[in-house]
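Colleague: Can you keep this structure in mind? I'll have questions shortly.
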Amino acid sequence: MITISFINSIFYFLLYSYFDSIIDIIGPTALSGGLQNFIKIFFLLAAGFCTGIIPMLLLAPGMKRSRLDIKNLLLVGIVPFLLLVFSPGPVTGFIATKVFSNNESVRELLFYLFSRQPLWAVWLGFAAGSSVRVSFRKKAGMQAVNHDAAAKQEKIEVRDESN
């Protein structure tokens with residue numbers, strides 16, 4: 001599982017790095033600019049997720065069942081999520097105009113802060129991947145557990161009757 005996750009993360013990073021070349025081969029008019037940007041961000045989210053799940057697989061927390069740690073996801077992933085949501089240009093312009101009275105230095109700061117979509121996408125993917133707790137224990141089905149308990153009870157009753 002660790003090897004597969006590592007290969008997936010390398011694959012997604014390679015797809016992202018050669019995305020512009022792939023789009024040139026397909027043709028520039030095949031996909032809109034917004035869809036191209038969404039696909040790039042999706043590749044980085046997937047690569048960050050695969051990279052983030054590797055340490056969780058190495059740690060092997062020894063849990064009974066797999067789960068998603070929502071508290072960890074919120075603590076680690078809220079900042080990149082908000083910066084990723086606010087990264088489009090009109091949102092940045094609105095924040096600079098309404099909140100900071102169109103101050104030029106604040107406008108530049110917001111531009112540099114919000115324009116790093118690849119960084120925020122990888123960070124959010126890593127936060128999601130590190131929030132997954134995977135368990136590889138075999139889980140006994142309910143019927144098997146009930147059947148075993150009933151069989152033990154029958155054996156106990158048979159022993160009691162023979163005494």
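The values are calculated or read from the model by the stated rules, or taken from the named source; none is laboratory data. Bear in mind that the values here come from a model prediction, so they are computed numbers and not experimental data. As a convention, Cβ positions derive from the backbone with ideal geometry for all residues, glycine included, and neighbour counts pool all protein chains shown.
Colleague: Looking at 12, 16, which one is crowded, with 17+ Cβ neighbours inside 10 Å, aromatic (Phe, Trp, Tyr), in contact with a Pro (Cβ under 8 Å, 6 or more places away or on another chain) and assigned to a helix (DSSP H, G or I)?
Modeller: Values: 12 fails: in contact with a Pro (Cβ under 8 Å, 6 or more places away or on another chain).
Being crowded, with 17+ Cβ neighbours inside 10 Å, aromatic (Phe, Trp, Tyr), in contact with a Pro (Cβ under 8 Å, 6 or more places away or on another chain) and assigned to a helix (DSSP H, G or I) holds for just one of 12, 16, which is 16.
Colleague: Please identify the pairs in which a residue from segment 55-71 that is over 19 Å from residue 6 (Cα atoms) has its Cβ atom under 6 Å from the Cβ atom of a residue that is part of a loop (DSSP other than H, G, I, E, B) and modelled with pLDDT of 65 or more, counting only partners at least 6 apart or on another chain.
Modeller: The qualifying pairs are 63/135; 65/135; 66/134; 66/135; 68/131; 69/131.
Colleague: Can you tell me how many residues within segment 70-101 are at pLDDT 75 or above and surrounded by 15 or more Cβ atoms within 10 Å (Cβ to Cβ)?
Modeller: Result for segment 70-101: 10.
Colleague: I would also like to ask the following. Do we have residue 113 as loosely packed, with under 14 Cβ neighbours inside 10 Å, within 30 Å of residue 12 (Cα to Cα) and of a type outside the set (Asp, Glu) here?
Modeller: Values: loosely packed, with under 14 Cβ neighbours inside 10 Å: yes; within 30 Å of residue 12 (Cα to Cα): yes; of a type outside the set (Asp, Glu): yes.
When the stated conditions are applied, residue 113 passes them.
Colleague: Which of the residues spanning segment 19-53 are surrounded by fewer than 14 Cβ atoms within 10 Å (Cβ to Cβ) and among the β-branched types (Val, Ile, Thr)?
Modeller: Within segment 19-53, the first condition is being surrounded by fewer than 14 Cβ atoms within 10 Å (Cβ to Cβ), and the residues that meet it are 20-22, 24-30, 32-35, 38.
Across segment 19-53, the qualifying residues are 22, 25, 26, 29.
Colleague: Report yes if residue 135 is at pLDDT 75 or above and either part of a loop (DSSP other than H, G, I, E, B) or of a type in the set (Ser, Thr, Tyr) (or both), otherwise no. Spell out the reasoning first.
Modeller: Numbers: at pLDDT 75 or above: no; either part of a loop (DSSP other than H, G, I, E, B) or of a type in the set (Ser, Thr, Tyr) (or both): yes.
It is false that residue 135 is at pLDDT 75 or above and either part of a loop (DSSP other than H, G, I, E, B) or of a type in the set (Ser, Thr, Tyr) (or both).
Colleague: Turning to a different aspect of this structure: Please indicate, with yes or no, whether at least one residue in segment 30-37 is touching a residue at least 24 places away in the same chain (Cβ under 8 Å) and not β-branched (Val, Ile, Thr).
Modeller: Yes: one or more hits.
Colleague: Looking at segment 96-109, is at least one residue at negative phi, within 16 Å of the chain's Cα centre (by Cα) and assigned to a helix (DSSP H, G or I)? It would help to see each step written out before you state the result.
Modeller: Quick first cut of segment 96-109, residues at negative phi only: 96-100, 103-109.
Checking which are within 16 Å of the chain's Cα centre (by Cα) leaves us with none.
Checking segment 96-109: not a single residue is at negative phi, within 16 Å of the chain's Cα centre (by Cα) and assigned to a helix (DSSP H, G or I).
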